[in-house]
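Visitor: I have a structure I would like to understand better, so I am pasting it below and will then ask my questions one at a time.
Where a number appears in this text, it was derived from the coordinates with a stated rule and is not lab data. Since this is a predicted model, take the numbers as computed values, not measurements. Please note: Cβ atoms are built from the backbone with ideal geometry, for glycine as well, and neighbour counts cover all protein chains shown.
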Amino acid sequence: MRFEQVMEDIARGFEAVGVGVIVFGGVLALVAGLKDFRDFDRFFADVRRGFGKPLILGLEILVAADIVQTITVDPSIESVVVLGILVVVRIALSFSLDVEVDGMVPWRRVETKAKLRAAGIDPDDD
């Protein structure tokens, strides 16, 4: 088996895992949200929040697949430019989703958790 074929198979494996994380996370978020199905606004908010984290993780895994594909299988200038565009788009999506899920920009998370702990609230208790 050639090196390129092995790397392509690894990249496809990453892609499958990334898609699996997104699909499985989406299903879990829907199932978890069903407990509040009668209150649609709460159902929607719970599913959206529950689906955001697996979506972010899935996007990060898909970026890894693109990196493996580009640097090992097709290391041309065109593929590097396409990879750069894909990474920038996925970073923007991940950042936007992170803000949507947590309700704050990532660099404010530590400060907010510290303030909650100081007030006697456990920020990790969902």
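Visitor: Relative contact order, percent, of the range 32-112 when contacts are C-alpha pairs under 8 Å separated by at least 6 residues? Please list the in-between numbers first.
Guide: Working: 43 pairs, mean separation 24.0, N = 81.
For the range 32-112, the relative contact order is 30 percent.
Visitor: Let me ask something additional. Among G50, I67, F24, which residue has its Cα positioned farthest towards the positive end of the charge dipole of the range 5-69, with +1 placed on the Cβ of Lys and Arg, -1 on the Cβ of Asp and Glu, and the dipole taken about the Cα centre?
Guide: Comparing the listed Cα positions along the dipole, G50 ranks first.
Visitor: I want to verify a result. In a Gaussian network model of the chain, Cα cutoff 10 Å, which of these has the top mean-square fluctuation: V110, V89, V63?
Guide: V110
Visitor: For all pairs of alpha-carbon atoms in the chain, what percent lies in each bin of width 10 Å, listed from the first bin to the last filled one?
Guide: Taking all Cα pairs of the chain, the binned fractions are 12, 29, 30, 19, 9, 1 percent.
Visitor: How charged is the neighbourhood of L62? Take every other residue with its Cβ under 12 Å from the Cβ of L62, and add Lys/Arg as +1 and Asp/Glu as -1.
Guide: Result for the local shell: -1.
Visitor: Mind pulling the angle between the C-alpha long axis of helix 40-68 and the longest principal axis of the chain? Nearest 10 degrees, somewhere in 0 to 90.
Guide: Approximately 20 degrees, to the nearest ten.
Visitor: If you don't mind, there's one more thing I want to ask. Might you report the magnitude of the Cβ-based charge dipole of the chain about its Cα centre, with Lys and Arg at +1 and Asp and Glu at -1, to the nearest 20 debye?
Guide: Magnitude of the dipole: close to 360 debye.
Visitor: Which distance in nm do the two modelled labels at T72 and M104 give, with both placed 7 Å along the Cα-to-Cβ direction?
Guide: 3.9 nm
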